[in-house]
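Working notes, structure below.
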Amino acid sequence: MTKTQIEQYLYKHIPITKALGVKALSFSKDEIRLQAPLFNNINHRSTAFGGSISSLLITTGWSYLRLLFDDQDPVPAIVIGRSSTNYLKPINQDFVAELQIPDEEKLSKFMEMYERFGKSRITLKAFIKNGEQVQAAFEGDFVVMKHRRQ
């Protein structure tokens, strides 16, 4: 799946991403970076709206998992089970969410559980920074489940 393909997929299957103006800057198993323009996501204080920030961060983790399972037919269900976003600094510019790619051991265990049980859970972290300053930090538990044949 390419950057353009993930954008089109998101716009179709998660329509809020189109309203947020989400663009994929990097989309690979080594780096996921999604951007949103401040203009589409501004609040009454002329900074980024918290719901938009959270949505972009969740979408960043979700997109990574979608990429990992791109070769499966059907693609498994991917849902957020728990999320927490810390808003550390006001965001007053276009903002980019970047996923902290899980280490090989964690990813291997996650995939093994999925193959064994048809369901697996993984905690992912992402952040939004301006330069080196972290403006928002996210941690979320995602669940991936095989679709049941009827």
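A few comments on the model shown:
- Scaling against 2.2 N^0.38 Å puts the C-alpha radius of gyration of the chain at 1.04.
- Summary value for the chain: 24 percent relative contact order, contacts being C-alpha pairs under 8 angstrom separated by 6+ residues.
- Pairwise label distance in nanometres, H147 with I16, each label 7 Å out on the Cα-Cβ vector: 2.3
- Our estimate of slack between E115 and D70, defined as 0.36 nm per intervening residue step minus the Cα-Cα distance, is 14.7 nm.
- Computed helical MRE - 222 nm, the chain, DSSP H runs ≥ 4 contributing -39500 (n - 2.57), nearest 500: -10000 deg cm²/dmol
- Modelled label reach - L88, point 7 Å along Cα→Cβ, region 113-150 residues with backbone N closer than 14 Å: 125-139
- Taking the longest Cα principal axis of the chain as reference, the axis of helix 104-117 is set at about 50 degrees.
- For region 28-109, alpha-carbon Rg relative to the globular expectation (2.2 N^0.38 Å, N residues): 1.25
- Taking the Kirkwood radius as Rh and the Cα radius of gyration as Rg, region 3-60 has a ratio of Rg/Rh equal to 0.98.
- Estimated FRET transfer efficiency when R0 is 22 angstrom, pair K3-E104 (beta carbons, to 0.05): 0.35
- With both labels modelled 7 Å from their Cα along Cα-to-Cβ, the N40 to T123 distance reads 3.1 nm.
Throughout, read-outs are computed from the coordinates displayed, never taken from laboratory work. This structure is a prediction, so every number in the text was calculated from the model and none was measured. As a convention, Cβ positions derive from the backbone with ideal geometry for all residues, glycine included, and neighbour counts pool all protein chains shown.
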